[in-house]
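Read through the structure below, which is laid out as structure tokens, and then see the notes.
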Amino acid sequence: MDSQTCSKCGMSNIYPDGDFLICADCGDERSVYQQDEEFQSDLSIKDANGNVLNDGDDVVLIKDLKVKGSSINLKVGTKIKGIRIVGGDHEVDCKTSSGQFMLKACFLKKV
Ligand SMILES: [Zn+2]
């Protein structure tokens, strides 16, 4: 607990008060339980087989997918290279020959 700095003003006059860390310079308070956003992105994203997906993995589609708001259909078996994990409802950012899409990990299989 040495390099605490305030996320607002960048000063390091942070002191703990109960469940909060308080900045003496600007009065910013934050909960000790949510110190950084990385906490959430730590959640692992799993493919249809339960394998953990990582940035840069190659995957194939296990299902035909219609892309919302377009006439594009992604066919089962389509290979997608170098996915990017972004989190949220559609966790995987995929670049295909038809464009860039956000897809659900449960429709993908790691190859
Ligand atoms: Zn501050």
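The values are calculated or read from the model by the stated rules, or taken from the named source; none is laboratory data. Predicted model only: the values in this text are computed from it and were never measured. Cβ placement follows ideal geometry from the backbone for every residue including glycine, while neighbour counts extend to all protein chains displayed.
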Fill in the blank from the handout: All conditions in (1) over 30 Å from VAL92 (Cβ atoms); (2) modelled with pLDDT of 90 or more; (3) in a loop (DSSP other than H, G, I, E, B) are true of GLN4 except (2)
Problem - Verdict on SER12 being hydroxyl-bearing (Ser, Thr, Tyr), within 13 Å of the ligand (Cβ to nearest atom) and at pLDDT 90 or above - result: yes
Completion exercise
A careful count of residues in the stretch 81-111 that are under 16 Å from ILE45 (Cα atoms) and part of a strand (DSSP E or B) gives 10
Handout entry: Of all residues making up the stretch 56-76, the number that are within 21 Å of LYS46 (Cβ to Cβ) and within 23 Å of the chain's Cα centre (by Cα)
Key = 10
